[in-house]
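Comments concern the structure below.
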């Protein structure tokens, strides 16, 4: 249903893929970060935070980015903390 809206990036730690993050742009022009996954062995090391900050900076530098939002399930305490 959202094909063409969401874009996927790999998350690397050095030369190893350790996760996945998605970003999208809605019809109203808002940009979203969602669908972030970090390998269990890498969790708690700041990889997710670094990926979110990197993607936020990259999106904020885009000329078409006026609003940036993060989506997560309210039961996901780790995502809420992030």
> In the range 35-69, how many residues are within 9 Å of the chain's Cα centre (by Cα), surrounded by 15 or more Cβ atoms within 10 Å (Cβ to Cβ) and free of Cβ contacts under 8 Å to residues at least 40 places away in the same chain?
Replying inline: 3
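Conditions tested, residue by residue: (1) in contact with a helix residue (DSSP H, G or I) (Cβ under 6 Å, 6 or more places away or on another chain); (2) not in a helix (DSSP H, G or I).
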{"site": "32", "(1), (2)": "no, yes"}
{"site": "52", "(1), (2)": "no, no"}
{"site": "55", "(1), (2)": "no, no"}
{"site": "59", "(1), (2)": "no, no"}
{"site": "62", "(1), (2)": "no, yes"}
{"site": "65", "(1), (2)": "yes, yes"}
{"site": "72", "(1), (2)": "yes, yes"}
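Every number here is computed from the coordinates shown, using simple stated rules; none is lab data. Note that the coordinates shown come from a computational prediction; the quantities given were computed from them, not determined experimentally. Here the Cβ is made from the backbone with ideal geometry for all residues, glycine too, and neighbour counts use every protein chain on show.
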